[in-house]
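Undergrad: Structure incoming, see below.
The values are calculated or read from the model by the stated rules, or taken from the named source; none is laboratory data. No experiment lies behind these values; they were computed from the predicted model shown. With ideal geometry, Cβ positions are generated from the backbone for all residues, glycine too; neighbour counts draw on all protein chains shown. The protein model used for the area step is the full one, side chains on, heavy atoms only, and it has no ligands, DNA or RNA in it. Shrake-Rupley method; radii C 1.70, N 1.55, O 1.52, S 1.80 Å.
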Amino acid sequence: MKIGFILLSNSARPIPSTRVAALNMFPLLRAAGCEPHIVFEPASATETPNLDGLLPAIVAGRYDLIVFQKVQGASAVALARQLGAAGIRTVYCVCDLVDAPMAAATDATVTVTAFLKSLYPAALQHKIHVVHDGIERPDVHKGDWGHRRATPAHPLRAVLVTSAQLDRLPVIAEPPPWLQVTIVGRYRPPGQPLQRMREAKWQLARAAEHGRGWTYLRFLANRRIRCVAWHPSGVYELMRQADIGIIPVDTGHAAAPGQAAPSWQVKSENRLSMKMCVGLPVIATPIPAYEPLVRQGENGYLASSHEDWMRYLEALREPDLRAAVGRAARASVQQRYSMEEQARLLLDVFQRVCLHKV
């Protein structure tokens, strides 16, 4: 099977969704006898590229299948229809949004959660398939959860991995005296102090506009919270060194009828499954992507309120409980969310599409 990929971002500088949904799958698809090729990649990431004129090269390349990796818009819809008319099958792979026009124009749509699948119109449900984000570094995991109960002198170390540049600690707000929190996100590296100062100034201005100026200043001044720049290997070492994982999410209000689902509802489970595979006992806000993974109190915790957060954090001060929950967390996701399993599911969709079974 010769498969052409139209990528959201450049393979030399891939953003996470391109890396996880496409590039990580290439070696596994090759091992299964497929030929993945990149037929389009933008100079910089864009969800709505101009794909006009791409049809002749795809037809000449004799591709069996074309995959649109989170690429949408009028040009993408037009190309999908042209490919269908030329007898070339198409799949739309998307992670955190619902795009009915692309789902209608392609032969199948792959999304990352059952909740996202449920948001598509009933007439398209037979074309929607679930393939999760595969865990990238299953080799990195904890072997020690400590031997002391957390105290202010020997605090518990929590890690929060985010794609954002947080200006507050959601839901929790103020860590207890025996808890230190490391937020790994879109921050400047420590070697760029002037840029970090400018960013802090801009964030303060934005926070002040929303009435959160004082909250942000307290966040900056809190010695139990540190903000660290995300790094592809460094993030795994920080997780391995941590005692627990936390994913507090500001959920606000659900969308009104007819409106798009808010961003927190369409998140993938990637950050939760990643922490669980490291062996971290994780406390998370219950959002649709996280709820299927967590067996409450066994392999993790879902905390709906501030009181829940404080209760579960208090429980995890005990090293034996941290170890038991961490081991159960890793065991529960290691195979189900592995890259190999997701490649198998993805290949099944590709084969069904090419055999006209979907």
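Undergrad: Can you list which of the DSSP-assigned H helices in the chain have a Cα extent of 18 Å or more along the long axis and an average Kyte-Doolittle score of at least 1.0?
TA: Values: long enough: 193-209 (24 Å, -1.01); 319-333 (22 Å, 0.09); 339-354 (22 Å, 0.14).
Once both thresholds are applied, nothing remains.
Undergrad: Placing +1 at every Lys and Arg Cβ and -1 at every Asp and Glu Cβ, with all other atoms neutral, what dipole size does the chain have around its Cα centre, in debye to the nearest 20? If you can, show how the numbers build up before the last one.
TA: Working: 41 positive and 30 negative charges, 144 e Å.
Dipole of the chain, to the nearest 20 debye: 680 debye.
Undergrad: Wrap a convex hull around the Cα atoms of segment 263-358, take a quarter of its surface area, and give that in square nanometres. Spell out each step's value before the answer.
TA: Details: hull surface 28.8 nm².
Taking the Cα atoms of segment 263-358, their convex hull projects to 7.2 nm² on average.
Undergrad: Over the chain, with a Gaussian network built from C-alpha contacts below 10 Å, which listed residue (Cys227, Cys34, Cys93) shows the highest mean-square fluctuation?
TA: Residue with maximal mean-square fluctuation among Cys227, Cys34, Cys93: Cys34.
Undergrad: Also: Does segment 1-40 come out rounded, prolate or oblate by the C-alpha gyration tensor, with a ≥ b ≥ c the root eigenvalues, rounded set by a/c under 1.5 and, if not, prolate when a/b is larger than b/c and oblate if not?
TA: Working: a/c = 2.81, a/b = 1.59, b/c = 1.77.
Oblate, since a/c reaches 1.5 and b/c is not below a/b.
Undergrad: Still on this structure, please answer the following. For the pair Ala57/Arg352, report the inter-label distance in nm, with labels modelled 7 Å from Cα in the Cβ direction.
TA: My value for the distance between the label points is 3.1 nm.
Undergrad: To continue, here is another question. Enter the accessible area of Trp230 (Å², nearest 10), with the probe set to 1.4 Å and all protein chains included.
TA: 110
Undergrad: To continue, here is another question. What is the dipole size for segment 3-132, taken about its Cα centre, with +1 at each Lys and Arg Cβ and -1 at each Asp and Glu Cβ, in debye to the nearest 20?
TA: Values: 9 positive and 8 negative charges, 35 e Å.
That gives segment 3-132 a dipole magnitude of about 160 debye.
Undergrad: Taking segment 301-358, which trypsin sites (Lys or Arg not before Pro) meet the DSSP loop condition and have no more than 16 other C-beta atoms within 10 Å? Before the final figure, lay out the partial values.
TA: On the way: sites: Arg311, Arg317, Arg322, Arg327, Arg330, Arg336, Arg344, Arg352, Lys357; in loops: Arg317, Arg336, Lys357.
Filter output for segment 301-358: Arg336, Lys357.
Undergrad: Can you give the Rg to Rh ratio of the chain, both from alpha-carbon atoms, with Rh computed by the Kirkwood formula?
TA: Details: Rg = 21.9 Å, Rh = 21.9 Å.
A ratio of 1.00.
Undergrad: How high is the relative contact order of the chain, given as a whole-number percent (alpha carbon pairs under 8 Å, six or more residues apart)? Can you show the working numbers first?
TA: Working: 635 pairs, mean separation 59.5, N = 358.
The normalised contact order for the chain reaches 17 percent.
Undergrad: Order the peptides 295-305, 238-248 from the highest to the lowest mean number of other Cβ atoms within 10 Å of their residues. If you can, show how the numbers build up before the last one.
TA: Numbers: 295-305: 17.0, 238-248: 21.8.
Output ranking for 295-305, 238-248: 238-248, 295-305.
Undergrad: For each pair in Lys117/Lys142; Lys2/Lys142; Lys142/Lys267; Lys117/Lys275, compute the distance between the two Cα atoms and list the pairs where it is over 31 Å. Walk me through the numbers on the way to the answer.
TA: Values: Lys117/Lys142 34 Å; Lys2/Lys142 40 Å; Lys142/Lys267 26 Å; Lys117/Lys275 24 Å.
Going by Cα-Cα distance, Lys117/Lys142; Lys2/Lys142 fall outside the 31 Å limit.
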